[in-house]
Amino acid sequence: MAELLQFVFSGLTVGAIYALVALGFTLIYNASDIINFAQGEFVMLGGMTTVFMALAGVPLPLAALIAIIVTTGIGLALHRFAIEPARGASPVALIMITIGASVFLRGVAQIVFDKRFHSLPPLFGADSIQFGGAAILPQSLVVLAGATVIVILLWLFVERTLLGKAVIATAANRLAARLIGIDTRRIVDFSFAVSAAIGAIAGILVTPITLTSYDVGTLLALKGFAAAMLGGIGSPLGAVVGGILIGMIEALSAGYLSSSYKDAVAFLIILVVLVAMPQGLFGRVKVERV
Amino acid sequence: MACEKIFADLKTRKLTTIAMISGTDAFGKSMRDQCVAVAPKAGITIATEESYGPRDSDMTPQLTNIRNKAGVQAVVNPGFGQGPAIVTRNYQQLGIKLPLYQSHGVASKQFIELAGPAAEGVRLPAAALLIADKLPAKDPQKPVVVNYTRTYQQKSGQAVSTFGGHAYDGLMILVQAMQRAKSADKAKVRDEIEKTKGYIGTGGIVNMSPTDHMGLDLSAFHMLEIKGGDWTLVPGT
């Protein structure tokens, strides 16, 4: 029994990380139908910038703040200089641009930072909490809490603010949104900036658990994207549920089946869900009127 | 060879049943295969095996299975990069008290920094370079490694790692072979490299031959234990 609880805790830890990364995909997708594959690099930049600022002597909270601001700036630059000039292109072309941006950011990170692994101190100490014979890190709970707070804030933003409504309007029909006076360029700017900030916060919160280096973005983005697809891309709640679900499946497969196949099992489940429900668990079904 | 060193140390501590948790990266997999191959001859039984992806962030399910397996007396972790650091941290979180052996893939101070207090008591086979100052005075490698350590730290301001040492050895062996061959002709240089005898490097004393292109034997490895956040030599190894 204690081992099931340990597997559940491990699943929650890993799942919370995936959830936080997956959240970054939702806003950009909502505003512009683009999957931003540079999202993993935003997570990496958040963690690495904080580490390097702290190594240079900046106090940790200030370092984290600077990291978030820098990453937000890079997100804005990504939109302004890479996506916006190509706005007429098909979504596939735009996605490829984000993949190119991801490779570029990774290359620059190697030079600006270094190629080693780094860590950040956990917020509440490194001793794990013992519960029912199993151990969980306090930082895992922090990551879960962070994901919950972001989901609530995103929901409030979309439901209760005018700007949020404008984002949904831009996603629904860009031309119509412009016709009623919404500056769609600003809206997509905003969505990239906020997604970059979410990515940076994710990076800062998960680094004490996952460690960071210039290329953590790749695998995190892949798993985060899978989580977002599973939960229904565009839905923040879906992103979190998808992330935790994948984390759980991985941990339980590693524990009960075989640790060599845990990734395979997770992706197999994703394939099955997408075949049965292409819009994911919480996604909106796209209906086209003919 | 690293496996043989670890198994020899296990036998000295009278531990014969182990569990292995290996990274699925090239280094982890190849070392795991080697360990499995030499285990019967060394008298070691591998009770259970787990694996993890090199970029995984949590290995508690695998370690929980190892903890629950009856009869396991020690755990060996072949791996490279951040994986072993996370395994070591998880090991402490789960409160597993069995001896943990890492591989020479973690032979740099970064591992101790990343694993933190969890690294206390972890043993690993590594080249003499890491414990340059603590080597006995008669050790033939001592002048070479002390000199390398001092030069490296002066030039780079960082602690040495065996990886830099290996690169240095490789370069020096090549240079000496080219000097002996008196040319840069590929075939001649290769022949001279194969004749390298008694080269004292940071990684050990190298004696190559046409069939042995590594040139090191078990004496190249020392068994180290991490104590107080630093490397210490296990006496007699």
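Every read-out reported here was derived from the displayed coordinates using simple, explicitly stated rules and does not represent laboratory data. Because the structure is predicted, anything quoted here is derived from the model rather than measured. Positions of Cβ are backbone-derived with ideal geometry, glycine not excepted, and every protein chain shown enters the neighbour counts.
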For segment A:217-290, size of Cβ-based charge dipole, Lys and Arg +1, Asp and Glu -1, in debye:
200 debye
The rounded separation in angstrom of the Cα centers of segment B:1-77 and segment B:183-237 is 24 Å
Karplus (6.51, -1.76, 1.60) ³J(HN,Hα), θ = phi - 60°, over segment B:220-237, in Hz, Gly and Pro reported as x
5, 8, 10, 8, 10, 10, 8, 9, x, x, 9, 7, 10, 8, 6, x, x, 10
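Mind checking the mean number of beta-carbon atoms from other chains within 10 Å of the Cβ atoms in B:46-57? It would help to have the intermediate numbers written out before the result.
Details: counts 0, 0, 0, 3, 5, 6, 4, 7, 1, 10, 8, 13.
Mean partner-chain Cβ count within 10 Å for B:46-57: 5.
Within a Cβ distance under 14 Å of B:Gly236, other residues only, what is the Lys/Arg minus Asp/Glu net charge? Before the final figure, lay out the partial values.
Numbers: positive: B:Lys5, B:Lys11, B:Arg13, B:Arg123, B:Lys134; negative: B:Asp9, B:Asp139, B:Glu225.
In short, +2.
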Would you work out the charge dipole size for segment B:127-219 about its Cα centre, treating the Cβ of every Lys and Arg as +1 and the Cβ of every Asp and Glu as -1, and quote it to the nearest 20 debye?
280 debye
Lys and Arg at +1, Asp and Glu at -1: neighbours of A:Val14 with Cβ under 9 Å from its Cβ sum to -2
Selection from A:Ala64, A:Ile74, A:Leu20, by position along the positive dipole direction of segment A:1-117 (Cβ):
A:Ile74
I need the calculated FRET efficiency for the pair B:Val146 and A:Ala86, taking r as the beta carbon distance and R₀ as 60 Å, to the nearest 0.05.
0.55
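Please give the length that would be gained between B:Ser183 and B:Ala26 if that part of the chain were fully extended, namely 0.36 nm times their separation in residues minus their C-alpha to C-alpha distance (nm, one decimal).
Numbers: separation 157, 0.36 × 157 = 56.52 nm, distance 3.52 nm.
Fully extending the segment from B:Ser183 to B:Ala26 adds 53.0 nm.
Considering only lysines 8 or more places apart in sequence, or on different chains, count the pairs in segment B:2-119 whose C-alpha atoms sit under 18 Å apart. It would help to have the intermediate numbers written out before the result.
Working: B:Lys5/B:Lys14; B:Lys5/B:Lys29; B:Lys5/B:Lys41; B:Lys11/B:Lys41; B:Lys14/B:Lys41; B:Lys14/B:Lys97; B:Lys69/B:Lys97.
Summing the qualifying lysine pairs gives 7.
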Partner lysines whose C-alpha sits under 19 Å from that of B:Lys182, ignoring same-chain residues fewer than 8 away, are B:Lys195, B:Lys197
Can you tell me what the convex hull of the Cα atoms of segment B:127-219 projects to on average, as an area in nm²?
6.5 nm²
If I fit a long axis through the Cα atoms of helix B:82-93 and take the longest principal axis of the Cα atoms of chain B, what angle between them do I get, 0 to 90°, rounded to 10?
30 degrees
With the dipole of the protein assembly as shown defined by +1 on each Lys or Arg Cβ and -1 on each Asp or Glu Cβ, the option from A:Ala109, B:Ala47, A:Ala264 whose Cα lies farthest towards the positive pole is A:Ala109
Pulled fully out, how much extra length does the chain show between A:Leu153 and A:Val275, if you take 0.36 nm times their separation in residues and subtract their Cα-Cα distance?
40.8 nm
Quick test of the membrane-span-like rule: which DSSP H helices of chain A reach at least 18 Å along their long axis (C-alpha atoms) with mean Kyte hydropathy at least 0.0?
A:2-32, A:39-55, A:60-77, A:91-112, A:138-160, A:184-210, A:216-231, A:236-256, A:262-276
Assigning unit charges at the beta carbon (Lys, Arg +1; Asp, Glu -1) and nothing else, what dipole magnitude in debye, to the nearest 20, does segment B:47-163 show about its Cα centre?
340 debye
Excluding B:Pro99 itself, what net charge comes from residues whose Cβ is under 14 Å from its Cβ, given Lys and Arg +1 and Asp and Glu -1?
+4
